[in-house]
Amino acid sequence: MRLTELTATEQVTQSAITQLVIRLERDGLVERRPDPNDGRVVQVHITALGANVIDSRRLDRMAQLSKFIEGLALEEKQAIASALPALKRLVELENES
């Protein structure tokens, strides 16, 4: 993704996203590559290490949510299950924009 796209997606300033990418790159989580369509532009790509960090954090969040869900009443679990199609549609709408 281009830095300008990251800036828009994350709703932060160009300076803030640049500093973040510098830190992530230093930690080996992302790398910068030239845009194949425009040599003046740099794209930011996640590394294998970065993907592993994301996967690990996602698994941790899922485990934590599972613990919370265990404490819900059956009706509350059913309410969440009923809301899932609408939440999925929200994600689809976001991806379309």
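Quick notes on this one:
- Residue selected from the range 82-97 under the condition surrounded by fewer than 10 Cβ atoms within 10 Å (Cβ to Cβ) and over 24 Å from Ala8 (Cα atoms), by the criterion farthest from the chain's Cα centre (by Cα): Ser82
- Residue in the range 2-22 that is among the small types (Gly, Ala, Ser), open to solvent by 40 Å² or more (accessible area, probe 1.4 Å) and not in a helix (DSSP H, G or I) present: no
- Residue within the range 66-81 that is surrounded by 12 or more Cβ atoms within 10 Å (Cβ to Cβ), in contact with a Pro (Cβ under 8 Å, 6 or more places away or on another chain) and of a type in the set (A, V, I, L, M) present: no
- Only one of the listed residues (Val42, Val53) is surrounded by 10 or more Cβ atoms within 10 Å (Cβ to Cβ) and not in a helix (DSSP H, G or I). That residue is Val42.
The values are calculated or read from the model by the stated rules, or taken from the named source; none is laboratory data. Only a predicted model underlies this, so the values are computations on that prediction, with no experimental measurement involved. Reconstructed Cβ throughout: ideal geometry from the backbone, glycine too, with neighbour counts over all protein chains shown. Each accessible area value is taken on the protein alone, full model and side chains, heavy atoms only, with ligands, DNA and RNA left out. Shrake-Rupley method; radii C 1.70, N 1.55, O 1.52, S 1.80 Å.
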